[in-house]
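Chemist: Provided herewith is a single structure, encoded as structure tokens, for subsequent inquiry.
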Amino acid sequence: MTSNEIDTGRLPRHIAIIMDGNGRWAKRHGLPRVAGHEAGARSVRAAVEACREIGIEALSLYAFSTENWRRSKREVEALFRLLGKYIALELDNIHKEDIRVTIMGRREGLSKRVLGDLTHCEELTARNKSMVLNVAINYGGRAEIADAAKAIAAEVQAGRLALSDIDEACVAKHLYVADLPDPDLLIRTSGELRLSNFMLWQVSYAEIVVTRVLWPDFRKRHLHRAIAEFQSRRRRFGGR
Ligand code: IPE
Ligand code: IPE
Ligand code: MG
């Protein structure tokens, strides 16, 4: 499927992707898990390019969850090394494409080097306008909601916020990245039918598309297909 077969009048504003299946891809090819993560970086480039071409406002990518620390030290280190490599290779181009990078997740627990890299990405691209690339690193949906609750409680305690001010908009404003529309389309690769703690608050009414394609095999045509599937759905938002 090509981008020509997509109705550009009914695009999702925000696409979120749970990039899953790197380990199974590596196993299938008789390679170490890390090789799967390496191959997955090429899919990230394809997804970013495709969204930019089509005119998607925001793309959120689940890169590392708060639960992924349970993996071997070796794999975790490899994942963060690859993140650094990806930034070194891609940031210039992302900036040239006028894409703004935002990072979503807990900063505590990340190394100084990683934090420095991430801050650099955000600062360099802060004024870019074509698209938002929102990367979830050390991210958990429950942690995000708990952190928002804590921030709101602190404001109430300091007298800057009244209890009666706390509503859905107030909670949304205290999430890690406040100014994004909710995802309209949530894609998960590798066939798993679960959220794995991703954007629990924001995906309330997202259309979910699960593909069996493993993340390292995911290319533009798969994204186009997911958007076409999204466009075939009837969204009701609780109305009739
Ligand atoms: C997704 O691939 C990448 C991350 C979670 C960082 P996995 O590593 O989860 O691959 P599978 O699920 O083992 O195939
Ligand atoms: C979700 O994938 C996290 C990321 C894609 C970063 P996992 O592979 O960690 O999720 P589970 O363990 O299958 O639920
Ligand atoms: Mg997985």
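Chemist: Where the only charges are on Cβ atoms (+1 Lys, Arg; -1 Asp, Glu), what is the dipole of the range 113-191 about its Cα centre, to the nearest 20 debye?
Modeler: That gives a dipole near 220 debye.
Chemist: Would you please give the FRET efficiency between residue 240 and residue 156, computed as 1/(1 + (r/R0)^6) with r the Cβ-Cβ distance and R0 = 41 Å, to the nearest 0.05?
Modeler: Computed FRET efficiency for residue 240 and residue 156 comes out at 0.60.
Chemist: Would you kindly derive the ³J(HN,Hα) couplings of the range 215-231 from the backbone phi angles with the Karplus curve 6.51 cos²θ - 1.76 cosθ + 1.60 (θ = phi - 60°), listing them in order in whole Hz, with x for Gly and Pro?
Modeler: Once rounded to whole Hz, the list reads 3, x, 8, 6, 10, 3, 4, 5, 5, 4, 4, 5, 5, 4, 4, 4, 6.
Chemist: For the range 131-227, what's the relative contact order in percent, using C-alpha pairs closer than 8 Å and at least 6 residues apart?
Modeler: Across the range 131-227, relative contact order equals 28 percent.
Chemist: If I take R0 = 25 Å and measure r between the Cβ atoms of residue 31 and residue 70 in this structure, what FRET efficiency does the formula 1/(1 + (r/R0)^6) give, to the nearest 0.05?
Modeler: Values: r = 22 Å, r/R0 = 0.88.
It comes to 0.70.
Chemist: Same structure, new question: What is the Cα centroid distance between the range 104-155 and the range 18-69, reported in whole angstrom?
Modeler: Going from one Cα centre to the other spans 19 Å.
Chemist: Tell me, what is the per residue accessible area of the chain in Å², probe radius 1.4 Å?
Modeler: I get 54 Å² per residue for the chain.
Chemist: Under a crude label model (7 Å from the Cα following the beta-carbon direction), how far is residue 3 from residue 163 in nanometres?
Modeler: Calculated label separation equals 5.2 nm.
Chemist: Going by amide H atoms built from the backbone, whose H comes under 5 Å of the H on residue 17, apart from near neighbours?
Modeler: 60, 61, 62, 187
Chemist: When we measure straight from the Cα of residue 85, which lysines land under 21 angstrom away, once same-chain ones fewer than 8 places off are left out?
Modeler: 73, 96, 112
Chemist: Would you tell me the accessible area of residue 205, worked out with a 1.4 angstrom probe on the heavy atoms of the protein chains, in Å² to the nearest 10?
Modeler: Solvent-accessible area, nearest 10 Å²: 120 Å².
Chemist: On average, how much area does the Cα convex hull of the range 1-82 cover when viewed from any direction, in nm²?
Modeler: Taking the Cα atoms of the range 1-82, their convex hull projects to 6.5 nm² on average.
Chemist: Right, here's the next one. Tabulate in residue order the Karplus-calculated ³J(HN,Hα) for the range 61-75, using 6.51 cos²θ - 1.76 cosθ + 1.60 with θ = phi - 60°, rounded to whole Hz; enter x for Gly and Pro.
Modeler: My calculation for the range 61-75 gives 10, 8, 9, 7, 9, 4, 8, 5, 5, 6, 6, 4, 4, 4, 5 Hz in order.
Chemist: Can you tell me the convex hull volume per residue for the chain, based on C-alpha atoms, in Å³ to the nearest whole number?
Modeler: Expressed per residue, the convex hull around the Cα atoms of the chain is 140 Å³.
Chemist: If you average the sequence gap of Cα pairs under 8 Å that are 6 or more apart and divide by the length of the range 13-231, what percent do you get for the contact order?
Modeler: Normalised by residue count, the contact order of the range 13-231 is 30 percent.
Chemist: Could I ask something else about it? Taking K and R as +1 and D and E as -1, what net charge do the other residues with C-beta under 9 Å from the C-beta of residue 52 add up to?
Modeler: -4
Chemist: Here's a follow-up. With a 1.4 Å probe and every protein chain kept in, tell me what percent of the accessible surface of the chain is carbon plus sulfur.
Modeler: Of the solvent-accessible surface of the chain, carbon and sulfur hold 50 percent.
The values are calculated or read from the model by the stated rules, or taken from the named source; none is laboratory data. Values in this document were obtained by computation on a predicted structure and should not be read as measured data. Using ideal geometry, Cβ is built from the backbone for each residue, glycine included, and neighbour counts are taken over all protein chains shown. Heads up: the accessible areas ignore ligands, DNA and RNA and are worked out on the full protein's heavy atoms, side chains in. Shrake-Rupley method; radii C 1.70, N 1.55, O 1.52, S 1.80 Å.
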